[in-house]
Amino acid sequence: MTGLLEIGGAGGAPPAAAPIGVTCRGLVYIYRLEGYDVVALSGVDLDIAPGQSVALVGPSGSGKSTLLSLLAGLLPPAAGRLRVGEHDLVKAGPAELQRMRAGDVGVVLQGSERNLLPYLTAEQNVRFAQRGAPAGRVRPAAREVLRLVGLADAARVRPADLAPGGRQRLALAVGLANRPGLLLADEPTSQLDAAARDEVLAALAGAHRAGTTVVLVTHDPDVARTMDRVVTIRDGRVGAEGRSGEDYSVLGRDGSLHLPPELAAALGPGALLRVQPQPDGTLLLVPVEAPLEER
Ligand code: ADP
Ligand code: MG
């Protein structure tokens, strides 16, 4: 198979690095402007298992892009804990962050052109992204990476001569250039028609099938539905987990359970809940009168 037919096919794809997981605890980020601060993230708790695909959705200005930038090591956490694979991003210095982005984590910023050098061909753009790969890493052939996103036949084409969907897939190829264990993509399908959007999604699905953890920001519910999980960001926090229109809570690695924010607010911090497994397999959480602090 060649060209577009190869989109989404993991067969023959260059092997990805081991999938990478993410842990955020109480993650805070503040933009410090002259005269005032903008609290963009105000305590994000989120676990992403290696190999998962996650859509971050939520209103404009809710902090999705900021969260993605923190996961990419492009912005430093102001408070909280953040682990990306083996990297502790609170402690990591510039050299480690650089190494992380050059090998383990691929980043696709919003707007394909921000990821591409206009005077280089598609193949040269991928090669350019590979130049910082850590020593000892097996570097896939640029053509193989292009094949992964369905651009095998466009190796010599410059970004301006690609259709918008092709340009966005080239931006994905740049993010995938070193076959990272985690791919972060900010609104990779916005401003594309349905056909181009589906090509980008097929390319993402191919990377995911090959084992890469995928975190993507999107406004498009149809795009969000193609991911394993949909996490809503609201006012700088994780709002609800939705799957098939229902709210879910996710059990953290440490056994902690984050309830939907409305419920958590109504119960109040320290609320004591009796956990009662039911015969039918459901779980009943029964609020007990006195909050924990008073016991
Ligand atoms: P989203 O991607 O969900 O639209 P952002 O992460 O871009 O949200 O923004 C979160 C908040 O941080 C918003 O209030 C936004 O105005 C603010 N913000 C984002 N980028 C900057 C910046 N470079 N300087 C100051 N404030 C910013
Ligand atoms: Mg954004």
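Taking every DSSP beta bridge that has both residues in the chain, what percent is antiparallel when rounded to the nearest 5? Display every interim value, and only then the final one.
Details: 31 of 48 bridges.
That works out to approximately 65 percent antiparallel.
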Highest mean first, how do 44-52, 201-209 rank when packing is the count of other Cβ atoms within 10 Å averaged over residues? 201-209, 44-52
Tell me the carbon and sulfur percent of the accessible area for the chain, rounded to whole percent, probe radius 1.4 Å. 54 percent
Only helical DSSP H runs with n ≥ 4 go in: add -39500 (n - 2.57) per run for the chain, normalise by residue count and round the 222 nm mean residue ellipticity to 500 deg cm²/dmol. -7000 deg cm²/dmol
Around residue 192, under 11 Å between beta carbons, what's the net of Lys plus Arg minus Asp minus Glu among the other residues? -2
Relative to the longest principal Cα axis of the chain, at what angle does helix 194-209 sit, 0 to 90 degrees, rounded to 10? 80 degrees
With the charge dipole of the chain built from beta-carbon charges (+1 for Lys and Arg, -1 for Asp and Glu) about the Cα centre, the Cα from 57, 287, 121 projecting farthest to the positive end belongs to 121
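At 1.4 Å probe radius, can you tell me the per residue accessible area of region 52-176 in Å²?
Result: 45 Å² per residue.
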How tilted is helix 94-103 with respect to the longest principal axis of the chain? Cα atoms for both, answer in degrees (0 to 90, nearest 10). 60 degrees
Using DSSP to call loops (not H, G, I, E or B), can you name the GluC sites (Glu not before Pro) in region 69-128 whose Cβ has at most 16 other Cβ atoms within 10 angstrom? 86
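The values are calculated or read from the model by the stated rules, or taken from the named source; none is laboratory data. Being a predicted model, the structure only gives us computed values, none of them experimental. FYI the Cβ positions are ideal-geometry reconstructions off the backbone, even for glycines, and counts take in every protein chain you see. Accessible surface areas use protein heavy atoms only, side chains included; no ligands, DNA or RNA. Shrake-Rupley method; radii C 1.70, N 1.55, O 1.52, S 1.80 Å.
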